[in-house]
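Remarks on the structure that follows.
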Amino acid sequence: MKEVELAEGVYWVGAIDWNLRNFHGYSTHLGATYNAYLVVDDKIALIDTVKAPFYEEMLSRVSEIVSPGDIDYIVSHHVEMDHSGSLPMIVKEASKAELVTLERFGEAGLNKSFQRDWSFHAVKEGSELSLGKKKLVFIPTPMLHWPDSMASYMPEEKILFSMDAFGQHLATSSRFDDEVGLDTVMPEAAKYYANILMPFGDLIVRAVDKLGGLDIKTIAPSHGVVWRSYPEAIVNAYGSWGRGEVRKKAVIVYDTMWGSTDKMARAIAEGITDRGVEARLYKLTDSDRSDIMMEALDARALLIGSPTLNNGMFPTVAGFLCYLKGLKPRGRLATTFGSYGWAGGAVKAMQQELMQAGVELVESGLDFKFVPDKDELKKCVEFGRTMGERISASGD
Ligand code: FEO
């Protein structure tokens, strides 16, 4: 097994989950990695662990470099079990190691999660852990992605161990951004942001400002490849995503029962593009909600369509709106449309959901009975044109 060194004495010792296809409801078509790092100095520190089923893989990587029993510190940046899951096993193996975690939330979170009574070396903002020639400086990053989350910075090598922030779900035999290329890594970083971190835009901006003050050469996140060639690109992207920057683009998300809402969606898209705005259509029966959220990351408007079923919306649309509400996209325009048989209900139900999603509802929802006729389809095109104009008027 070839050692992967980020800098002298700093190794990647994580695990590759090639077959992961779902990470708490987010589709991971390309798998994932759980990144752990080992620092070998006068003292030896293991930075995070891996999901429990991958413990042996991590242990064998560590064992190639040092004897696990020689580890002095195990740093836990985050309670979530994709990073802490191997703690119970490694704590036994590295029996002399001190567990280092955030005073606030980390200690209680780890003990409760694993039903233990571990003692900790607790750290807080600015605490330093000297390892000899190198040290770690701790930086709490609350809600990136849980309240207990923190990052650490190694000034001597200018490495930021950023935890979930700047990560991507991407299983690859390459460990560095330049080995896979920005074209591959950036869309996965965007998808990760859209599906995990989108609700925390304000905190992201604050964290990026805080981390931007550091002299960073390498960003070592807890998922995906290490940013050694393009750290600035991902920091800038986080700033833009965190500020909710969007462009002239509409994402039309809908489902259809007998094709009427589908016809409406296509006519609306035609109207939007007539006004020089990009439109993307996603039929929920055939699409993945996490892919849609990645598409929505830079879209000014969301248009949601549904046929009426049992006086309400289609179950796939209800599921999508539940997901959207949790991710709270901000600074987006939104509207609704749909079709119905004897009585409507979907448009009103969708609007009620959207009001709780943090978007700006514009235009009354558009709905038609049974199959939209020629005149009604013209109205859909007009509706799309009006949305296109609104999107254009709201700037890039
Ligand atoms: Fe990768 Fe929030 O855990």
If you place +1 on the Cβ of every Lys and Arg and -1 on the Cβ of every Asp and Glu, how big does the dipole about the Cα centre of region 215-262 come out, in debye to the nearest 20? 200
Whole-number percent relative contact order across region 1-90, with pairs defined as alpha carbons under 8 Å at least 6 apart: 27
To the nearest 0.05, the calculated FRET efficiency linking residue 115 and residue 217 through their beta-carbon distance, R0 being 35 Å, is 0.30
Taking only C-alpha pairs under 8 Å that are 6+ residues apart, what is the relative contact order of the chain in percent? 12
Evaluate the charge dipole of the chain about its Cα centre and quote only its size in Debye, nearest 20, assuming +1 on the Cβ of each Lys and Arg and -1 on the Cβ of each Asp and Glu. 1200
Can you tally the lysine pairs in region 310-396 where the Cα-Cα distance is under 20 Å and the two residues are eight or more apart, or on different chains? 6
Can you tell me, using C-alpha contacts under 8 Å and at least 6 residues apart, the relative contact order of region 299-390 as a whole percent? 30
At R0 = 22 Å, how high is the FRET efficiency between residue 375 and residue 342 if r is their beta carbon distance? Nearest 0.05 is fine. 0.60
Sum of -39500 (n - 2.57) over DSSP H runs of 4+, divided by residues of the chain (222 nm, nearest 500): -10000 deg cm²/dmol
Taking 0.36 nm per residue of sequence separation and subtracting the Cα-Cα distance, how much length would be gained by fully extending the chain between residue 351 and residue 63, in nm to one decimal? 98.1 nm
Which chymotrypsin sites (Phe, Trp or Tyr not before Pro) does region 243-310 hold that lie in a coil by DSSP with at most 12 other beta carbons within 10 Å? 258
Quick one: go through region 175-194 and flag any residue whose amide nitrogen is under 20 Å from the point 7 Å out along the Cα-to-Cβ line of residue 29. 180-194
Positive-end extreme of charge dipole, region 35-108 - chosen from 37, 53, 75 (charges on Cβ): 53
Sort largest first and round to whole Å: the equivalent ellipsoid semi-axes of the chain, each the square root of five times a Cα gyration tensor eigenvalue. 46, 20, 18
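All of the numbers you see were taken from the coordinates with simple rules; none came from a lab. Remember, it's a predicted structure, so these values are computed and weren't measured experimentally. A quick note on method: Cβ atoms are made from the backbone with ideal geometry, for glycine too, and the neighbour counts reach across all protein chains shown.
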